1. So which residues in the range A:200-210 are more than 14 Å from every other protein chain (Cβ to nearest Cβ), touching a residue at least 60 places away in the same chain (Cβ under 8 Å) and part of a helix (DSSP H, G or I), if there are any at all?
2. Tally time: how many residues in the range B:87-113 are crowded, with 19+ Cβ neighbours inside 10 Å and assigned to a loop (DSSP other than H, G, I, E, B)?
3. Which numbered condition trips up residue A:122, out of (1) polar (S, T, N, Q); (2) free of Cβ contacts under 8 Å to residues at least 24 places away in the same chain; (3) under 23 Å from residue B:203 (Cα atoms)?
4. Output the number of the condition that residue A:18 fails; it satisfies all remaining conditions of (1) at pLDDT 90 or above; (2) over 14 Å from the mean Cα position of the chain (by Cα); (3) more than 21 Å from residue A:188 (Cβ to Cβ).
5. With B:286, B:279, B:208 as the choices, which residue is within 14 Å of chain A (Cβ to nearest Cβ) and surrounded by 11 or more Cβ atoms within 10 Å (Cβ to Cβ)?
6. Contact list please: Cβ distance under 9 Å, first residue in the range B:422-441 and under 18 Å from residue B:353 (Cα atoms), second residue loosely packed, with under 12 Cβ neighbours inside 10 Å and at pLDDT 85 or above, pairs at least six apart or on different chains.
7. Kindly indicate whether residue A:9 is charged (D, E, K, R), within 13 Å of chain B (Cβ to nearest Cβ) and touching a helix residue (DSSP H, G or I) at 6+ places or on another chain (Cβ under 9 Å).
8. Any chance you could count how many residues in the range B:195-205 are among the hydrophobic types (A, V, I, L, M, F, W, C) and either at the interface with another protein chain (Cβ under 9 Å from one of its Cβ atoms) or in contact with a Gly (Cβ under 8 Å, 6 or more places away or on another chain) (or both)?
Amino acid sequence: MQLNHAQRELTVKIVYYGPGLSGKTTNLQMIHQRTLADVRGRMLTVETHDDRTLFFDLLPVFFNTQSGFKVKVKLFTVPGQVIHNATRRVVLQGADAVAFIADSRRAAGQDNNSYWKNLLENMRENGLDPAQVPVVIQFNKRDLPDTKTDAELEESRQKGKEPVVGAVAIRGEGVLETLYEVLKAAYRAIDGRVHLAKNIGLTEKEFLTQVFSLMDTKGTALEAEFPAKPAGGGQAP
Amino acid sequence: MTQGPRESVLQRRLTLSELLDVPTFTEVVKGFVELYKIGIKVFDEKGGKLADIKIGNGDFCGYVFSFPEGRSRCTKQVGRVKDGPLAPTQGARLPLLDDSAPIKGLVTSPCFTGLRYLLLPITFEGDVLGRVVFGPFLPAEQKGFPESLTEVSAQLEIGRAQELVEKVRRAPESTVARVMVHFAQVLDTLVAQGQRTLLTSQLHIEATLVQNRELEDRAQKLSEMNVKLKELDRLKSAFLATVSHELRTPLTSIIGYSEMLAEGLAGPMSQEQNEYVRTIMDKGETLLKLISSILDISQIEAGRVRLNFEPSDIIEVVQSSVSSVKPQAQKKGITLDVQLPKEPVNAACDRDRLRQVVVNLLANAVKFTPTNGKITVILTPVSAQDDLGKKGYRISVEDSGIGIPKDQQEKIFQSFYQVDSSSTREFGGAGLGLAIVKSFVEGHGGVVKVVSAPGQGARFIAVLPEKPATPQVQIAPPVQPTPVANDRF
């Protein structure tokens, strides 16, 4: 989080973390598609020849608050492959909240666990206190065979304090719901430190409304709270 | 919120000059200017100039500039387009776009000369990073000059001004606006490319730095561990030396008193008693040899062995060594075939150490040669030795034992190494004899080799120089501390 009073600007950093091929980039692509073109930047992706993220993806979303503050939400993904740990650590620096994208298939359990540990270790290495940085878990790929049942998801939810969201990112299911949870958690963590509502007049409700009123929420759980608007004509570049 | 040791490029606000490759960008601007005949200027958010390509207006503007009032008005106009607000205020207005849709952020700034400028902000992630200025151009509908120009000076010749202004591109404002939108799209693409290149290259560097830091930490830990291990190795050698010494003292008494008993100095004994005492003596001698070997190797490893070379008769050294193992060989019915040269072999050596080399090789051969086998000892005369690159001689000891597999032939010279290290092995010993041989031979500047195959017996060859390089040598321990260079600055 960077709060610049002189420039009246707040930058929030969200990092999508998780094992390789769990769907981090797909999440960002879906958010990009569903966001109005004039409130988001280009999506930056650096891929290798096999379509896997080499460094990271970056999708900026920005808006002005009623009190005239400019808010930039920067969504990053980290490279999932094991060998890119140093890049993961650099991208994780200064994160306000993390969306941990897990593969719901039973066979992926061990991978999920080792990346979970890797996340905690890299947070500590970066001087982030895992207890202070909120994490939201997305169980992606709910449509594939051999996935955990809803009961098992509930069990995972009971195991820790992190919110758990089921998703099929490739179809856009659960993507905005995950973003909602992670932004809410990020707002609360930042507000706890710098009192956004008091100091810059930005309430949690306005923060979330500013972001999601610019998104196509059609068919998502957010539709009732933020009525759907026509999509921003955003074709992924 | 916590920052790393250096702020990452991902956290930093980027400037236009970082995002654009300025030389490439200048080429693109030049191309536009030549194609459309309108000047283009590009400024970053602080007013820094990234590109400035003029065309057509030089003579006209220069003429106006030559009048003091013209100069003052011109400077003001240039300041307006460069630093003024990107809004329809302070003399600027919204552009005339015919029937096309409004262009976000575009404003027109009319010049007092009747020419015009168009201004467009450069936005990136919602931030204004700078501006593009198109112009000046001559509006298509413009006829004559406005009063704001003609009042500049009574000396200003309208005819001359008219002649010069014709070199400026004449175009409708909406056309220039369309060209400008196209330019903005190209610029947007260049900025996106630039961002990609900048972030990936910077992140690559940052990731490499992180990796380097980790490797340095690891190297530091390894080097500390290495120092500890070397210290432990030294302690081990010192411990062995002390223990061997402490063991040897009482053992000599045991052997001495047994000897006295066997000699009957304490009164006569029965034959059975005598046999028992002799067994105590024999085993005591074996133990003493083992302890001596341990002491030798610990001295070698502690770097405390010094060889003194003096002219010697090598034949005598070999013969005396052979005679000391003869009893053991005879006990096993082994034939000792000793082949010595006819002429004397004179060379400089440390006699005691060389004798120990030959004794150890022979003891090894006796141990591994079955009953009624044969051991051949050959000493060659002094001649040129390829292995040493100088003159020397060879001592070879060949047995008819079990042989040594190829993959073990290097390892047998390591201390405490046994080809068969199982607890049920057939052959005793601590695995020190050959390690001592190797140290001593190499201390002489020689080499020791083995030729063998399983079941074919083994031949050990010590190749030794006639004259070692120096009269004295300190045998280097096998594990040497890494020399640390002194500070030089």
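1. Of all residues in the range A:200-210, those more than 14 Å from every other protein chain (Cβ to nearest Cβ) come to A:200-209.
After this cut, where a residue has to be touching a residue at least 60 places away in the same chain (Cβ under 8 Å) as well, the list is A:200-202, A:206-207.
Once the filter is applied, which keeps residues that are more than 14 Å from every other protein chain (Cβ to nearest Cβ), touching a residue at least 60 places away in the same chain (Cβ under 8 Å) and part of a helix (DSSP H, G or I), the range A:200-210 yields A:206, A:207.
2. 6
3. Of everything listed in (1) polar (S, T, N, Q); (2) free of Cβ contacts under 8 Å to residues at least 24 places away in the same chain; (3) under 23 Å from residue B:203 (Cα atoms), residue A:122 misses just condition (2).
4. Here residue A:18 clears every test but (2).
5. On the way: B:286 fails: within 14 Å of chain A (Cβ to nearest Cβ); B:279 fails: within 14 Å of chain A (Cβ to nearest Cβ).
Within the list B:286, B:279, B:208, the selection yields B:208.
6. Correct list of pairs: empty, since none qualify.
7. Working: charged (D, E, K, R): yes; within 13 Å of chain B (Cβ to nearest Cβ): yes; touching a helix residue (DSSP H, G or I) at 6+ places or on another chain (Cβ under 9 Å): no.
No; evaluated as a whole, the condition is false for this residue.
8. Narrowing the range B:195-205 to residues among the hydrophobic types (A, V, I, L, M, F, W, C): B:198-199, B:203, B:205.
Among the residues that remain, those that are also either at the interface with another protein chain (Cβ under 9 Å from one of its Cβ atoms) or in contact with a Gly (Cβ under 8 Å, 6 or more places away or on another chain) (or both) are: B:199, B:203.
Looking only at that region, the number is 2.
The values are calculated or read from the model by the stated rules, or taken from the named source; none is laboratory data. Worth saying up front: this structure is predicted, and the values here are computed from it rather than measured. When we count neighbours, we look across all protein chains shown, and the Cβ atoms used for this are built from the backbone with ideal geometry, even at glycine.
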